[in-house]
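Note sheet for the following structure.
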Amino acid sequence: MFFGGSPFGHTTHFHNARGFHQRRRRPSQGGTQDVTFNLGAIMQLLPVLFLVLFTLIGNSPSDPVYSLHMQGKYNARETTTMRGIDFYVKSHSKFDREYPKGTYARRRVDVAVEKDYRQFLENECWRERMRYRGGAAGRNRDAKVVMKSCTKLSEIWG
């Protein structure tokens, strides 16, 4: 099977003038078959089985630490230190216990929130610009169009 072995018993390989041929060894006479348990084939598969098993165990789903929007379990509002961006967590007490203010772990959460929020605003700003170009404002160029996400993006990040 792998590395020259066959999980189905013994085979005989030979070459002749026309090319390569393979022939299975025939079972012994008397009606009994020579069935061998090929431990080598199972040993070759063990690393693959362990890899699949550990991948499944390691990827157990877990809830994110925060949400940018209040939804479901995320109803406790927190604010980032640097830019004052609101985000939501499951519980103030649990969040403050796991990510105390002033720690490196809390700073990493703040940076992740700000990065996600900026990406969210950039996507919304792009949508607003596409609507502006192709929508009603495209027909009436005199109309003042307010693009909230683009304005918010420039207010926060300049």
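Bear in mind these aren't lab numbers, they're just calculated from the coordinates by the rules spelled out. Everything numeric here is computed off the predicted structure, so don't read it as measured data. In this analysis, Cβ positions are derived from the backbone assuming ideal geometry, glycine residues included, and neighbour counts consider all displayed protein chains.
Once the Cβ-Cβ distance between ARG127 and ASN75 is put in as r, and R0 is 25 Å, what FRET efficiency do you end up with, to the nearest 0.05?
Efficiency computed from Cβ-Cβ geometry: 0.40.
Using a 10 Å cut-off on Cβ atoms, rank the peptides 84-93, 98-107 from the highest mean neighbour count down.
By packing density, highest mean first, the sequence is 84-93, 98-107.
What are the ³J(HN,Hα) values, in whole Hz, obtained from phi via the Karplus relation 6.51 cos²θ - 1.76 cosθ + 1.60 with θ = phi - 60°, for each residue of segment 150-155 in sequence order, with x given for Gly and Pro?
Residue by residue, segment 150-155 yields 5, 5, 4, 4, 6, 5 Hz.
Give the span of segment 76-119's Cα atoms along each principal axis, as three whole-Å numbers ordered largest to smallest.
Rounded to whole Å, the extents work out to 27, 21, 13 Å.
What is the spin-label model distance, in nm, from GLU98 to ARG83 if the labels are put 7 Å beyond Cα along the C-beta direction?
The modelled label-to-label distance comes out at 2.3 nm.
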